[in-house]
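> Pasting a structure here, questions to come.
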Amino acid sequence: MPYHSLQISRIVQETPDARSFVLTVPADLSDRFTYQAGQFLTFRVAHAEGAVARCYSLSSTPGDGEIKVTVKRVVGGRGSNWFHDALKQGDAIEVMPPAGRFVLAAGTGPLLFFAGGSGITPIMSLIKSVLGKTRRPMRLFYANRDRASIIFDAEFQKLMQAHPGQLEIIHHLDAEKGFASPADVQAALKGFEVGHAYLCGPGPFMSMVEATLLQAGMPTSRVMIERFEASGNPAVPSEPIDDAEIVPAQIVIHLEGKVHTVPYHRGQSILEAARAAGLSPNSACEEGFCASCAAKRIKGRVVLANNEIYTKEDLDSGWILTCQGRCFGPEVEITYDTT
Ligand SMILES: Cc1cc2nc3c(=O)[nH]c(=O)nc-3n(C[C@H](O)[C@H](O)[C@H](O)COP(=O)(O)OP(=O)(O)OC[C@H]3O[C@@H](n4cnc5c(N)ncnc54)[C@H](O)[C@@H]3O)c2cc1C
């Protein structure tokens, strides 16, 4: 399995229901745990009904000298409560190497961030990766229930003092103003229209922000979204499927430098076919929104049953989510070795 054992070197109580877990990466794993700001780690969570995988974004940034995730408690949730209640400093936990595409696009323009609640974690990482390293102006619209639930409040104040003028924060507290509205988003957009926007937070918050930005004329290519949960939109296959279309009897999978030819059956996802053949590629949400199982198509036709990650350009350049990828035609070849 692609999990590695890392030790928790420190636990920080950020707010009453959010804790950061600082992890020690041993020297022999430092290459595997090299990451880009905005990426996430996948953890194996022990649970009475069987282990589950849970993703948590890195709230640290490369160069911080430590890697850190920040977990907010979800009422009744298996993973988040396990982090809060079962783990202590010094414990070892099972972690997959960093993954994810919520990273800074190349450019020098202004950056506009919209975060809601625990959605601040990858955005904190992105902001720290820019502060003091380039002069790109940044504005953060940060929505929370109330003042006590603002994660990283003190850390942001310190960062703003250390880098005066580069980062502006607009706090929005539901307790004082109700949920954020399109008018709030339009106000936050002023002066940042030519920049890139990065969104992470609860689904309804992100839908409202995205719709408002697009209506205001920001192109989709400049609006980046990180989802912590499936959007709930009905799944639309990436291409039309003809039920009579032939499927390959076997598919070729490149994984960790080896080439495997594995049996394939109609309706199977590539991930299922790989597992049935004894392979263990990365995966986490298995609903098409986390990209842990990303791969590239080399040959043949792969249709994604659900896709909340890739743009048309990504799909055209071969990116696939193997938990959602169904194979068609006589031959399909894909590779997990994309870097
Ligand atoms: C890429 C990515 C990055 C993420 N980064 C972060 C991060 O930085 N910080 C963070 O806090 N979170 C993050 N998340 C979210 C995180 O992975 C978990 O989804 C979150 O912690 C909830 O998981 P859980 O196991 O606690 O809850 P789950 O057990 O998955 O439960 C979620 C909800 O469903 C309800 N539920 C569970 N089972 C049932 C059932 N049988 N019937 C009815 N209701 C049920 C629970 O009561 C709960 O309200 C991220 C997710 C992704 C995909």
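> Considering only strands (runs of 3 or more DSSP E) fully contained in segment 220-339, which possess at least 1 residues that are aromatic (Phe, Trp, Tyr)?
319-321, 325-335
> Out of the residues in segment 97-145 meeting the condition of being within 12 Å of the ligand (Cβ to nearest atom) and on the phi > 0 side of the Ramachandran plot, tell me which one is modelled with the highest pLDDT.
So the residue we want is Gly117.
> Also: Within segment 44-60, count every residue that is more than 6 Å from the ligand (Cβ to nearest atom) and either within 12 Å of Pro98 (Cβ to Cβ) or aliphatic (A, V, I, L, M) (or both). Show your work before the answer.
To start, the set of residues in segment 44-60 that are more than 6 Å from the ligand (Cβ to nearest atom) comprises 44-53, 58-60.
Add one more test, that the residue is either within 12 Å of Pro98 (Cβ to Cβ) or aliphatic (A, V, I, L, M) (or both), and what stays is 45-46, 48, 51-53, 58, 60.
So the answer is 8.
> Restricting attention to segment 301-332, which residues are farther than 20 Å from Ala230 by Cβ and surrounded by fewer than 17 Cβ atoms within 10 Å (Cβ to Cβ)? Give the steps one after another, and end with the answer.
So in segment 301-332, the residues farther than 20 Å from Ala230 by Cβ come out as 301-302, 312-313, 316-318, 327-332.
Hits for segment 301-332 are Lys312, Glu313, Asp316, Ser317, Gly318, Gly329, Pro330, Glu331.
> If you take the residues in segment 246-265 that are touching a residue at least 24 places away in the same chain (Cβ under 8 Å) and either small (Gly, Ala, Ser) or surrounded by fewer than 13 Cβ atoms within 10 Å (Cβ to Cβ) (or both), which one is nearest to Lys299 (Cα to Cα)?
Per the stated criteria, the residue is Ile246.
> For Asp17, which of the numbered conditions (1) more than 20 Å from the chain's Cα centre (by Cα); (2) within 22 Å of Asn282 (Cα to Cα); (3) surrounded by 13 or more Cβ atoms within 10 Å (Cβ to Cβ) fails to hold?
Status for Asp17: all satisfied but (2).
> Restricting to segment 264-292, and then to whatever is within 16 Å of the ligand (Cβ to nearest atom) and in contact with a Phe, Trp or Tyr (Cβ under 8 Å, 6 or more places away or on another chain), can you tell me which residue is farthest from Glu331 (Cα to Cα)?
Cys290
> Within segment 187-219, track down each residue that is part of a helix (DSSP H, G or I) and without any contact (Cβ under 8 Å) to a residue 40 or more places away in the chain.
The answer is Ala187, Gly203, Pro204, Ser207, Met208, Glu210, Ala211, Thr212, Leu213, Leu214, Gln215.
> Looking only at helices (runs of 4 or more DSSP H) that fall completely inside segment 119-186, which ones have 1 or more residues that are among the aromatic types (Phe, Trp, Tyr)? Break it down stepwise before answering.
Values: elements: 120-130, 153-162, 174-177.
So the answer is 153-162.
The values are calculated or read from the model by the stated rules, or taken from the named source; none is laboratory data. A quick note: this is a predicted structure, and the numbers were derived from the prediction, not measured. Quick reminder, even Gly has a Cβ in these numbers, built from the backbone with ideal geometry, and neighbours come from all protein chains shown.
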